[in-house]
Amino acid sequence: MALVNTDKMLKKALENGYAVPAFNVCNMETVQAVAEVAGEKNVPVIISVSEGAGKYAGFEYIRAIVEEASKHYPNDIALHLDHGKSVDVCKKAIDAGFTSVMFDGSALPFNENIAETKKVVEYAHSKNVTVEAELGKIIGTEDMIHSDTESFTDPKEAREFVSQTGVDSLAISIGTAHGVNKSIKTPVIQYGVIDSVHEAIPGLPLVAHGSSTVPAKWVETIRKYGGEIKKSQGISEEDIVKMSKTAICKINMDTDLRLAYTAGIRQDLSEHPEHFDQREYNKLGKANVKEQVAHAFELVIGK
Ligand code: G3H
Ligand code: 13P
Ligand code: ZN
């Protein structure tokens, strides 16, 4: 299957009461892990690349790997830029062959966010690329993504924003948080906010960022084999299941894959001090990511 944009997959999720997971990647093993699980289940998936991951691996490299992966399976795969902070980086991802981009103007004043988002929409839509924007502030830190404050999305603003920009989906602030420790503010999901934003913009798929569940087993494995993670707190699995049945149609997970991968590598190197071939220690990292991704699909799609 060729790469597709997110239009049909998210609308279908909205109509049928499930969500499509978006998994962040930055290397070949993680792309393969996500593509193999989604392909074997024959379910749609979004493969996300942050600006930071683009700097690390190169948009073109990742696009080539994802494109290759898509040839092996029948399911729909969208390749998505996550948290693009400028019009320029969104254009670079589109030119590199991404099928979907997020312009994150959530730190900008409302009118500036509209103006910049519009520029991205104009360019993206001329190339059949879908656009996600963000309204409201999602708390937390991950490399290039940072907010000390949280403000839930306002439904009236959402309606105006969407009618002025023509975006295809909207990331909203509903109490989730980026990073490994979401208890910087106890994650209480604001279902009322989801419902009222949905009422204001009924046909538009909504997006939940910061939705990793931070499984204790990966955190404990990392700690057991010498890693240091001071505080950890994820979104509960019950909330992920519940959110997936609302107008939230795309659920973003990055931290959970990082934890799974690192737990595998730490365990392998610790149990096999003789290993120095990356093909050996990457094996358990990739297997853990596959296990995590399979579990996430069960939560958000139910298969
Ligand atoms: O939502 C944020 C992404 O998970 C951030 O990823 O650490 O590669 O910028 P990054
Ligand atoms: P997590 O830190 O919860 O994995 O959030 C990922 C995310 O929102 C990517 O955009
Ligand atoms: Zn995010």
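Read-outs: derived from the displayed coordinates by stated rules, not from any lab. Given the structure is predicted, the values throughout are model-derived calculations rather than measurements. Cβ atoms come from the backbone with ideal geometry, glycine included; neighbour counts cover every protein chain shown.
Here are a few things to note about the model shown:
- Over every Cα atom in the chain, the radius of gyration and the widest Cα-Cα span, Dmax, amount to 18.2, 60 Å.
- Rg and Dmax of region 2-140, both derived from C-alpha coordinates alone, stand at 14.6, 44 Å.
- Over region 101-141, Cα pairs under 8 Å with separation of 6+ residues give a relative contact order of 55 percent.
- When the convex hull of its Cα atoms is projected in every direction, mean area for region 101-179 (nm²): 5.1 nm²
- Tally of Lys pairs whose C-alpha atoms are under 16 Å apart, taken over region 92-238, 8 or more apart or cross-chain: 13
- With the alpha-carbon atoms of region 58-131 aligned to their principal axes, the span from lowest to highest coordinate is 43, 21, 17 Å, starting with the largest.
- Positive dipole terminus of the chain, leading residue within THR262, ILE138, ASN16 (C-beta point charges): ASN16
- Each of ALA296, ILE248, GLY285 was placed along the dipole of region 232-303 (beta-carbon charges, centred on the mean Cα), and the one lying farthest toward the positive end is ILE248.
- Region 235-291-region 80-143 distance, computed between alpha-carbon centres (Å): 27 Å
- Rounded to the nearest whole Hz, the Karplus-based 3J(HN,Hα) values (6.51 cos²θ - 1.76 cosθ + 1.60, θ = phi - 60°) of region 111-121 follow the sequence 5, 5, 4, 4, 4, 6, 4, 4, 4, 5, 4, with x at glycine and proline.
- Dipole in debye (nearest 20) - the chain, about Cα centre, beta carbon charges: Lys, Arg +1; Asp, Glu -1: 220 debye
- Placing +1 on the Cβ of every Lys and Arg and -1 on the Cβ of every Asp and Glu, with no other charges, gives region 193-272 a dipole of roughly 200 debye about its Cα centre.
- Projecting the Cα atoms of VAL34, PHE161, PRO273 onto the dipole axis of the chain, where Lys and Arg carry +1 and Asp and Glu carry -1 at the beta carbon, places VAL34 farthest toward the positive end.
- Each Lys and Arg Cβ is given +1 and each Asp and Glu Cβ -1; about its Cα centre, region 46-150 then shows a dipole of about 320 debye.
- Global size of region 209-303 as Cα Rg and Dmax, reported in angstrom: 14.6, 50
- Relative contact order, percent, region 140-258 [alpha-carbon distance under 8 Å, six or more residues apart]: 29 percent
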